[in-house]
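Peer 1: One structure is given below, represented as structure tokens, and several questions about it will come after.
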Amino acid sequence: MEYSSQLEAKSAELGHTAKQLSEANEKLTRLSVQKDAFLSQISHELRTPMTSIRAFSEILRDMDALTPADQTRYASIIHDETLRLTRLLDDLLDLSVLENGQVALNMEPVNLHDVLNRAVSAALAPQDDVPIRILRNIVQEDVDLISDGDRLSQVFINLISNARKYCTASDPVLEVAIQKQGNDVWIDFTDNGDGIPSHQQPLVFEKFARLTDHARAGGAGLGLAICREIMNNLGGSVAYLPEQGGAAFRVVVPLKS
Ligand code: ADP
């Protein structure tokens with residue numbers, strides 16, 4: 001009797017181990033599929049600039065009768081594509097450091113309005129044909145935080161640059177609203193463009209999320225994935241706010257971490 005109950009216990013234990021092994025195996029398969037997809041996306045993103053760098057450098061090397069204007073134009077293309085590659089590699093590296101929690105944060109007292117002012121100056125481009133207008137809806141005048149000001153500014157720059165790139169209105173406007181909520185501060189960025197269709201909203205924070213209508217805008221689709229990782233590291237969050245008219249993002253920052 002005792003022997004048979006021992007046998008039953010052993011068999012239950014073995015069944016449990018087999019189930020754990022099968023779950024671990026499924027997880028490994030899933031991770032391997034994700035890794036392959038990620039590598040294939042990276043290769044695709046690298047191939048486009050590499051192809052143009054190769055083609056235009058070959059033209060410069062092999063064609064004798066190029067006008068100086070053409071030489072300058074082709075050299076500029078090579079230069080721009082090199083910058084694009086550098087940006088892509090920097091973003092990939094940043095994302096990997098953030099995802100692995102290896103980022104060194106510089107937590108210190110920061111004034112939210114100073115960080116926002118810096119981000120606005122960095123994100124706006126004087127060469128825009130119709131510059132986006134930034135309206136501020138400030139409920140609290142002074143918001144002092146303990147946070148990493150540079151990382152926070154990186155998130156704001158990304159959201160403001162996206163509004164510049166994707167807001168399709170003829171008179172583009174971005175409203176920035178700041179309000180304290182309990183131990184957090186909410187910073188909402190709402191533009192007056194077309195926004196993001198509801199079926200695509202869950203994708204925007206994924207890596208390489210470049211939604212079909214915007215493929216021409218040139219980004220690799222890593223900006224919002226980086227924003228999400230930064231906010232996770234800072235103990236806050238960033239989310240898309242549906243049904244606000246244009247595109248709307250809410251950044252939540254703890255007042256003290
Ligand atoms: P990208 O480098 O392509 O700009 P992001 O991760 O910053 O990458 O954004 C992902 C995608 O989300 C963009 O390609 C665009 O399709 C969409 N998106 C982001 N911000 C906005 C916005 N303000 N209005 C409309 N679409 C946006």
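The values are calculated or read from the model by the stated rules, or taken from the named source; none is laboratory data. Keep in mind it's a predicted model, so treat the numbers as computed, not measured. Cβ: placed from backbone, ideal geometry, glycine included. Neighbour counts: every protein chain shown. Only protein heavy atoms, including side chains, enter the accessible area calculation; ligands, DNA and RNA are left aside. Shrake-Rupley method; radii C 1.70, N 1.55, O 1.52, S 1.80 Å.
Peer 1: Keeping every protein chain present and rolling a 1.4 Å probe, give me the accessible area per residue for the chain in Å².
Peer 2: Using a 1.4 Å probe on heavy atoms only, each residue of the chain averages 61 Å².
Peer 1: Label points 7 Å out from Cα along the Cβ direction at Glu206 and Asn111: separation in nm?
Peer 2: The two pseudo-label positions are separated by 4.2 nm.
Peer 1: Using 0.36 nm per residue of separation minus the Cα-Cα distance, give me the extension gain between Asp70 and Asn137 in nm, one decimal.
Peer 2: Contour length minus the Cα-Cα distance gives 19.3 nm.
Peer 1: Could you rank the peptides 117-129, 170-182 by their average count of other C-beta atoms within 10 Å per residue, with the highest value first?
Peer 2: Sorting 117-129, 170-182 by mean packing, highest first, produces 170-182, 117-129.
Peer 1: How far apart, in nanometres, would the label points at Gln20 and Thr168 be if each is projected 7 angstrom from Cα along the Cα-to-Cβ direction?
Peer 2: Placing both labels 7 Å beyond Cα along the Cβ direction yields 5.3 nm.
Peer 1: So for segment 133-186, averaging the separation of alpha carbon pairs under 8 Å that are six or more residues apart and normalising by length, what relative contact order in percent results?
Peer 2: Relative contact order here is 60 percent.
Peer 1: Moving on to the next point. Give me the net charge for the shell around Glu45: Cβ to Cβ below 11 angstrom, other residues only, Lys and Arg +1, Asp and Glu -1.
Peer 2: Local net charge: +4.
Peer 1: With labels modelled as points extended 7 Å from the Cα through the Cβ direction, what inter-label distance (nm, one decimal) is found for Ala37 paired with Ser5?
Peer 2: The modelled label-to-label distance comes out at 4.9 nm.
Peer 1: How large is ³J(HN,Hα), in whole Hz, for each residue of segment 222-229 in order, when computed from phi with the Karplus curve 6.51 cos²θ - 1.76 cosθ + 1.60 and θ = phi - 60°, using x for Gly and Pro?
Peer 2: Each residue of segment 222-229 in turn: 10, x, 6, 5, 5, 4, 4, 5 Hz.
Peer 1: Could you give each residue of segment 231-238 its phi-based ³J(HN,Hα) in whole Hz, using Karplus coefficients 6.51, -1.76, 1.60 with θ = phi - 60°, and x for Gly or Pro?
Peer 2: 5, 4, 5, 8, x, x, 7, 9
Peer 1: Name the residue farthest towards the positive end of the dipole of the chain from the options Ala122, Val185, Gln201, assuming +1 on Cβ of Lys and Arg, -1 on Cβ of Asp and Glu, about the Cα centre.
Peer 2: Projecting each Cα onto the dipole axis, the largest value belongs to Gln201.
Peer 1: Keeping all protein chains in position, work out how much accessible area Tyr240 exposes to a 1.4 Å probe, and write it in Å² to the nearest 10.
Peer 2: Taking all protein chains as shown, Tyr240 has close to 30 Å².
Peer 1: Amide H to amide H, which residues 5 or more places from Leu174 or on other chains are under 5 Å from it, using H placed in the peptide plane?
Peer 2: Arg133, Ile134, Leu135
Peer 1: A further question follows. Lys pairs in the chain, Cα-Cα under 15 Å, at least 8 apart or on separate chains: how many?
Peer 2: Here the count comes out as 5.
Peer 1: Still on this model: Considering only protein heavy atoms and a probe of 1.4 Å, how much of the accessible area of segment 149-232 is carbon and sulfur, as a whole percent?
Peer 2: 44
Peer 1: Further question: Based on the Cβ-Cβ distance from Ser121 to Lys27, what FRET efficiency comes out when R0 is 45 Å, to the nearest 0.05?
Peer 2: Result of the calculation: an efficiency of 0.50.
Peer 1: Going by alpha carbons, how many degrees (0 to 90, nearest 10) lie between the helix axis of 2-62 and the longest principal axis of the chain?
Peer 2: 10
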